[in-house]
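S.K.: Would you mind keeping the following structure in view while I ask a few things?
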Amino acid sequence: MAKVLIIGAGGVGRVVVQKCASLPEVFSEILLASRTKSKCDVIAEEVGQGRVKTAQLDADNVSETVALINEFKPFMVINVALPYQDLAIMDACLETGVHYLDTANYEPKDEAKFEYKWQWAYQDKFKEKGLMAVLGCGFDPGVTSIFTARAAKHHFDEIQYLDIVDCNAGDHGKAFATNFNPEINIREITQKGKYYEDGKWIETEPHEIHKDLNYPNIGPKRSYLIYHEELESLVKNFPSIKRARFWMTFGEEYLTHLRVIQNIGMARIDPVKFKGVEIVPLEFLKAVLPDPGELGENYSGETSIGCRIRGIKDGEEQTYYIWNNCKHEEAYKETGAQGVSYTTGVPAMIGAKMMIEGKWNGEGVFNVEEFDPDPFLTDLAEFGLPWHEKLNAEIEL
Ligand code: NDP
């Protein structure tokens, strides 16, 4: 049993809180802190029974976080605020001696980079303090990395070709909306594509490469090669990989909106002067787009995210597909959040549970594929995200 501090009261935060609250034998006390306290209070109210305490916190401010941690004394922090806060929260954890978990890698505000280098540089600091920092424990990164670890542990002597395939075949009924924080989402999707082959990173123009891929229970969907952060840690932790790529589906309508947003300068992340004050266009755009946390109500359809792998087992070529499908409607019925928040929040809760139960342990900074995938995947199926696997699968890629 352990106390947990959850930072961030967005769509993902709502799911993490609800899932943690449903397991009092693991998460004895929960404090939800975020920039806007009223959002924490709404979530606490939904859970009821006084299970969740709330607090106002600007997590960019290390001393504020340190003070809150010292007052509440949690075993760990689950960081589901924005990637900009990662390092400040890690600093606060180091100062107070508590463990750390997040779902997205650190990003400086003025650069969209999606690199682990800043957080990996904390390795020695966490080691010296005997603390554990777990990076990227959402769905992708997160479950996709753990799916790959399962493949390596049980089905392959050598993973050679890895394709992570992420399909959202949902319909939220809005002309344009992002499924998680719009600022982070648009930064991720408008950057150049990149994949790994024969020891090198190969860059592509945004959305230059696409294929129609078949997804279980969904059918064919146009899928675009984009860069995604787990590729960086996976090729490091599984050095037999010859090629690693990430594919994501986008509808025509979504891409058209995105093109317009970029062409008119609204995706810019550098400040511009407006009526005498500096504003960042993408931050302003976020303020007028639908809140991803509120998309759930009319969201139909499902997501399908998985790994398609080719490699060698016992001297023979092996193919393998492992995936989860998640229905937006069911996610909403259970938690009031749509499927993308759900598929991120459930793994974050399970990662924290693994740490509290000592099933994942160590000192330093870790990516999730470095741990035993088995207990995590058992819990993943039990707590709302059943997964499926197929050996000798037909791999379209
Ligand atoms: P939201 O924008 O809905 O929520 C972010 C929350 O963090 C908001 O409540 C926001 O407060 C709060 N916040 C922002 N800045 C601060 C700050 N300085 N101090 C304290 N709180 C702050 O995002 P999501 O819930 O959609 O996403 C949360 C995280 O999950 C993001 O990092 C995202 O990248 C990651 N993610 C990971 C995925 C994965 O599969 N690995 C998939 C989807 C998301 P306020 O309400 O005041 O703005």
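What follows draws every value from the coordinates through simple rules; no lab data is involved. The shown structure was predicted, so the numbers you read here are calculated from the model rather than taken from an experiment. Here the Cβ is made from the backbone with ideal geometry for all residues, glycine too, and neighbour counts use every protein chain on show.
S.K.: In the range 50-61, is there at least one residue being in a helix (DSSP H, G or I) and either away from the ligand (no atom under 15 Å from the Cβ) or within 24 Å of the chain's Cα centre (by Cα) (or both)? Before you say what the answer is, go through the steps one by one.
M.R.: Initially, the range 50-61 is screened for residues in a helix (DSSP H, G or I), giving none.
Within the range 50-61, not a single residue is in a helix (DSSP H, G or I) and either away from the ligand (no atom under 15 Å from the Cβ) or within 24 Å of the chain's Cα centre (by Cα) (or both).
S.K.: Hey, another quick one. Could you tell me whether A104 is within 13 Å of the ligand (Cβ to nearest atom), assigned to a loop (DSSP other than H, G, I, E, B), more than 20 Å from V15 (Cβ to Cβ) and of a type outside the set (V, I, T)?
M.R.: Numbers: within 13 Å of the ligand (Cβ to nearest atom): yes; assigned to a loop (DSSP other than H, G, I, E, B): yes; more than 20 Å from V15 (Cβ to Cβ): no; of a type outside the set (V, I, T): yes.
Criteria not met by A104.
S.K.: Can you spot a residue in the range 175-196 that is over 25 Å from L285 (Cβ atoms) and of a type outside the set (A, V, I, L, M)?
M.R.: Pass one, the range 175-196, residues over 25 Å from L285 (Cβ atoms): 195-196.
If we keep only those that are of a type outside the set (A, V, I, L, M) too, we end up with 195-196.
Checking the range 175-196: at least one residue is over 25 Å from L285 (Cβ atoms) and of a type outside the set (A, V, I, L, M).
S.K.: For the range 355-376: of the residues being surrounded by 21 or more Cβ atoms within 10 Å (Cβ to Cβ) and in contact with a helix residue (DSSP H, G or I) (Cβ under 8 Å, 6 or more places away or on another chain), which is nearest to D163 (Cα to Cα)?
M.R.: The extreme case among them is E369.
S.K.: Of the residues that sit in the range 169-199 and are farther than 29 Å from D110 by Cβ and assigned to a strand (DSSP E or B), which one is nearest to the ligand (Cβ to nearest atom)?
M.R.: Across the range 169-199, the extreme among qualifying residues is D171.
S.K.: Right, another one. Give the range 107-136 a look and list any residue that's of a type in the set (F, W, Y) and outside any loop (DSSP other than H, G, I, E, B), or say none.
M.R.: As a first pass, look at the range 107-136 and keep what is of a type in the set (F, W, Y): 114, 116, 118, 120, 122, 126.
Listed by number, the residues that qualify are W118, W120, F126.
S.K.: So which residues in the range 66-81 are surrounded by fewer than 21 Cβ atoms within 10 Å (Cβ to Cβ) and either of a type in the set (D, E, K, R) or within 10 Å of the ligand (Cβ to nearest atom) (or both), if there are any at all?
M.R.: Narrowing the range 66-81 to residues surrounded by fewer than 21 Cβ atoms within 10 Å (Cβ to Cβ): 66-67, 70-73, 75.
If the condition is that a residue be surrounded by fewer than 21 Cβ atoms within 10 Å (Cβ to Cβ) and either of a type in the set (D, E, K, R) or within 10 Å of the ligand (Cβ to nearest atom) (or both), then E71, K73 are the ones that fit.
S.K.: Sort out which residues of the range 23-49 are of a type in the set (G, A, S), outside any strand (DSSP E or B) and surrounded by 16 or more Cβ atoms within 10 Å (Cβ to Cβ), and write them in order of number. Can you show your working first?
M.R.: Restricting attention to the range 23-49, the residues satisfying the condition of being of a type in the set (G, A, S) are 28, 33-34, 38, 44, 48.
Keeping just the survivors that are outside any strand (DSSP E or B) gives 38, 44, 48.
Result: A44, single match.
S.K.: Moving to a separate point now. Quick check, is K153 within 14 Å of the ligand (Cβ to nearest atom), basic (K, R) and either touching a helix residue (DSSP H, G or I) at 6+ places or on another chain (Cβ under 9 Å) or over 23 Å from V280 (Cβ atoms) (or both)?
M.R.: No; evaluated as a whole, the condition is false for this residue.
S.K.: Taking the range 82-97 as the region of interest, how many residues are outside any loop (DSSP other than H, G, I, E, B), more than 15 Å from the ligand (Cβ to nearest atom) and not β-branched (V, I, T)? Break it down into steps so the answer makes sense when it comes.
M.R.: Of all residues in the range 82-97, those outside any loop (DSSP other than H, G, I, E, B) come to 83-96.
Among the residues that remain, those that are also more than 15 Å from the ligand (Cβ to nearest atom) are: 94-96.
Remaining after also requiring not β-branched (V, I, T): 94-95.
So the count comes out to 2.
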